[in-house]
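Read-outs: derived from the displayed coordinates by stated rules, not from any lab. A quick note: this is a predicted structure, and the numbers were derived from the prediction, not measured. Quick reminder, even Gly has a Cβ in these numbers, built from the backbone with ideal geometry, and neighbours come from all protein chains shown.
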Amino acid sequence: MSTISSYVIEIRSLTRVFRVGDISVRALRGVDLAIRNGEFVAIMGSSGSGKSTLMNLLGCLDVPTSGEYLLDGEHVIGLSKNQRADIRNRKVGFVFQGYNLLARTTAVENVEMPLSYSRTGHISDPRKAAVDALVRVGLADRLDHTPSQLSGGQQQRVAIARALVNQPAILLADEPTGNLDSVMSLEIIALFQQLNRDGVTVILVTHEQEIADYAQRVIVLRDGKIVTDRINEHPLEAAQSRCETQGVMS
């Protein structure tokens, strides 16, 4: 059942407990979180803080032990595996540290692929949607290039276009600059900021403070709980001027 809300993410008292032999490991301990449509949020935390577990729950890749989760107004708790796959395909665009592109497949074919799994039929021309997504991320002249013909930053742009092609409610990026040098990292952050200005909700998981400083809101987890949730009044601008001075395509 869907409800109308200004929040794209609503989480209440979310817990996740893993069993390791006879030991219970509490990865999340009653997390409350609300993210509005159009926010750019960075989620931080050291290893073992619970940020990866939270990311998996946000992306419907895992199920919580208890609590409540609404994704774009839809209740996620209690859905079957197939129902979670359906809401994941419709509502979430994933960008990972590894680009996860098919090596012998062109950029446009990589981007078009998620549409072959979509059962909504809301995109009538998958090829056009893939081309439009690549144009949106600045790769209009790389449509027929394979990953081996692209730089690391260009491969990540293809991955971002693939995440956008289904027009998801949220773009969930897990350490998206982890495999990139500082110049290419700025290029990708500038792209996220532009997408966010265009209305895309971006949730970026990172362990790097210098990357989180570009987000509008920074959430820090420790020992399975949110210990900081602050608005970044003056987010850094990976902005076009900074990229241009370093010769980066914006």
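Observations
- Among 181-192, 71-82, 162-173, sorting by the average number of other beta carbon atoms lying within 10 angstrom of each residue, highest first, gives 162-173, 181-192, 71-82.
- Cα-projected label distance for Ile77 with Arg29, points at 7 Å along beta-carbon direction, nm: 2.0 nm
- Values of log10 I(q)/I(0) for segment 82-135 across q = 0.21, 0.23, 0.28, 0.29 Å⁻¹ run -0.90, -1.04, -1.26, -1.28, by the Debye formula with one identical scatterer at each alpha carbon and no solvent.
- Normalised by the number of residues in segment 1-108, the mean separation of alpha-carbon contacts (under 8 Å, six or more apart) gives a relative contact order of 31 percent.
- Residue-wise HN-Hα coupling along segment 35-50, computed from phi with Karplus coefficients 6.51, -1.76, 1.60 (Hz; x: Gly, Pro): 10, 7, 4, x, 7, 10, 10, 9, 10, 10, x, 6, 4, x, 6, x
- Taking amide H as placed 1.01 Å from N in the peptide plane, Ile9 has its amide H under 5 Å from the amide H of Ile35, Asp72, each at least 5 places away in sequence or on another chain.
- Considering only Cα atoms, the convex hull volume of segment 165-244 works out to 116 Å³ per residue.
- Cut-off 20 Å (backbone N to label point 7 Å along Cα→Cβ of Arg19), residues of segment 49-64: 62-64
- Computed packing ranks the peptides 13-26, 50-63 as 50-63, 13-26, most packed first, by mean other Cβ atoms within 10 Å.
- Packing-based ranking, highest mean first, of 223-236, 135-148 given that Cβ atoms within 10 Å are counted: 135-148, 223-236
- Backbone phi angles across segment 12-22, fed through the Karplus curve with coefficients 6.51, -1.76 and 1.60 (θ = phi - 60°), yield HN-Hα couplings of 9, 6, 6, 10, 9, 10, 9, 9, 10, x, 8 Hz in residue order; Gly and Pro are listed as x.
- Simple spin-label estimate for Ser182 and Arg222 in nanometres, 7 Å along Cα-Cβ: 2.8 nm
- Distance in nm between pseudo-label sites at Asn37 and Leu102 (7 Å out along the Cβ direction from Cα): 3.3 nm
- For segment 82-172, the alpha-carbon radius of gyration amounts to 1.01 times the rule-of-thumb value 2.2 N^0.38 Å expected for a compact globular protein.
- From helices alone, the chain scores -8500 deg cm²/dmol at 222 nm; the rule is -39500 (n - 2.57) for each run of n ≥ 4 DSSP H residues, then divide by the residue total.
- Unit charges on C-beta of K, R, D, E only; dipole of segment 159-216, Debye: 300 debye
- Added length on full extension, which subtracts the Cα-Cα distance from 0.36 nm per residue, Ser148 to Arg12: 44.6 nm
- Reciprocal mean inverse distance between Cα atoms of segment 2-111 - Kirkwood radius, Å: 15.6 Å
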